[in-house]
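Before any comments, here is the structure.
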Amino acid sequence: MKDDDEKGKRYGRLQITPRPLEANHVIDLPKQLLALSIGHFRDGSPLTVAYKYYSKKGFMYKLGDAIASVVESIPKGGILIFVPSYSFLKKCTDAWNPTSRSRHWSDEVLEDDLGRTIWDRLTESKTRVILEPNSGGQEMFEEKRNEYVQRIKGRGSCVLLAVFRGKMSEGVSFNDDNARGVICVGLPYPNARDRSVEAKRAYNDEQRRLRGRTNLLPGMEWYSQQAYRALAQALGRCIRHAADYGAVIMMDSRHCDTGGARVNGVSPAHRNLPKWMRHHMRNLVSSSGYANYQGTNVVCGGWPGLATEMARFFAEAPIHAASVLAKQQDSLKAAKERAEKQGSSNHYFDGRSGKWCPRVIITPQTADPCTPNIKKPDDLKSTDDDGAGSATGPVIISASPAAMKTPEAN
């Protein structure tokens, strides 16, 4: 059991056996992805999204201020903001939306020096804020998703507030301008008081202790795994093809590198992230705090430094992405030209066998009338330039492997 535990720590894996399949990304990550973790608010106080913190006065406004600052630094396109739960999403909208300010947090400062609420800043920057529905079924989900996409097509930008493990975070492709930024707020741990979660944690611990089942994760590690799986799904909404680009921002101090010992060059705070992202995460730090992060990949200067880095990235990334797209189009054009010179393909895909098979080239003189799927010479017609029928010249016939087998003798 100890050997398996040590092996899991060495590789930073979320499961013990079988070893998970992980792959690199198709894009040039340094040029097409800005991945950043933020662990402090604009006033320097810690940014940790946990109940004991966000239940305190002032937290929700400072969180909204941080999110709005990131949204304002992304010049165009859609912004996806994922929060841990629907109840937390309700807290955010109650605190930030002017129509809700009288019901909750009425004693907090809900406006900036210019008299703008968080909602005002979001809509001024990206025209509209759309909420992922918690009810209404598939029809309501489709309506909100289409509203978001159409808003980007028509106005060039929009904000979507959604939930980890919700429909918007899994299985929906927000490519190109539909997701130029993804902001992940907190760590989406399952409800610790849920009976099924409690039972699963207890089961894993019991099986490891009584039956020696070291292929199962300890209960607490399994619980952590669920959070990072949900996080990985949300992160994957952003970059959808080789010519795509965008920024991924993770807001929580638990995502930040604290300068601890690295394994294979990966910080302990990032070892459970997807493989393609682990080595490319950067931390936002103030200039005065840089000494604590020597040897790590950082963005210095605090929040002003973040604005500068975002401006640089979104000035350079579209140029590189356009060059990638141009290369793809040139390659496709060259492939089509080669195909036209070579004539029709010598292979075809057989749906029954699931394999690529060679085409059979026959002439009318050599056609065997007994061969399955091959027409008799009289039926083999080709069209000359003048449209007249002719039985001369080779004919390419597609024959499946089963059809080309010689019948066994009786």
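The values are calculated or read from the model by the stated rules, or taken from the named source; none is laboratory data. Bear in mind the structure is a predicted one, so any value in this text is a computation, not a measurement. Because the Cβ atoms are built from the backbone with ideal geometry, glycine has one as well, and the counts that use them run over all protein chains shown. All accessible areas refer to the heavy atoms of the entire protein, side chains included, with ligands and DNA or RNA removed. Shrake-Rupley method; radii C 1.70, N 1.55, O 1.52, S 1.80 Å.
Only Lys, Arg, Asp and Glu count, each charged at its Cβ (+1, +1, -1, -1), so figure out the dipole size of segment 133-269 about its Cα centre, rounded to 20 debye.
On the way: 21 positive and 15 negative charges, 69 e Å.
For this selection, approximately 340 debye.
What accessible area, in Å² to the nearest ten, does a 1.4 Å probe give for D244?
Answer for D244: close to 0 Å² accessible.
Run the quick spin-label model on S45 and A242: label points 7 Å from Cα toward the beta carbon, then report their separation in nm to one decimal.
Rounded to a tenth, the inter-label distance reads 4.8 nm.
Counting only the heavy atoms of the protein chains, how much of S45 is accessible to a 1.4 Å probe, in Å² to the nearest 10?
30 Å²
Which FRET efficiency value, to the nearest 0.05, do you get for D113 and V26 by plugging their Cβ-Cβ distance into 1/(1 + (r/R0)^6) with R0 = 30 Å?
The calculated FRET efficiency here is 0.10.
Order of 215-223, 136-144 by packing, highest average Cβ count within 10 Å first?
Result, highest mean first: 215-223, 136-144.
In the structure displayed, which of K31/K167; K327/K355; K90/K126; K31/K327; K31/K144; K56/K200 lie more than 25 Å apart, Cα to Cα? Intermediate values should be presented prior to the final figure.
Numbers: K31/K167 29 Å; K327/K355 30 Å; K90/K126 20 Å; K31/K327 16 Å; K31/K144 32 Å; K56/K200 32 Å.
Table pairs above 25 Å Cα-Cα are K31/K167; K327/K355; K31/K144; K56/K200.
Among R262, R193, R208, what's the order by accessible area (1.4 angstrom probe), most exposed first?
The ranking, largest first, comes out as R193, R262, R208.
Would you tell me the accessible area of Y53, worked out with a 1.4 angstrom probe on the heavy atoms of the protein chains, in Å² to the nearest 10?
90 Å²
Can you tell me the FRET efficiency between Q329 and R211 if r is taken as the Cβ-Cβ distance and R0 is 56 Å, rounded to the nearest 0.05? Provide the component values of the computation, followed by the final result.
On the way: r = 57 Å, r/R0 = 1.03.
Step by step, r from the Cβ atoms, then E = 0.45.
With both partners inside segment 179-318, how many of the DSSP beta bridges are antiparallel, as a percent to the nearest 5? Kindly include the intermediate steps, with their values, before the conclusion.
On the way: 1 of 8 bridges.
Antiparallel: roughly 10 percent of the beta bridges in segment 179-318.
Can you give me the Cα centroid spacing of segment 29-90 and segment 200-279 in angstrom?
19 Å
Mind computing the radius of gyration and Dmax over the alpha-carbon atoms of segment 114-165? Å is fine for both.
Here Rg and the maximum Cα pair distance are 12.3, 40 Å.
If you wrap a convex hull around the Cα atoms of segment 81-233, how much volume per residue is inside, in Å³?
154 Å³
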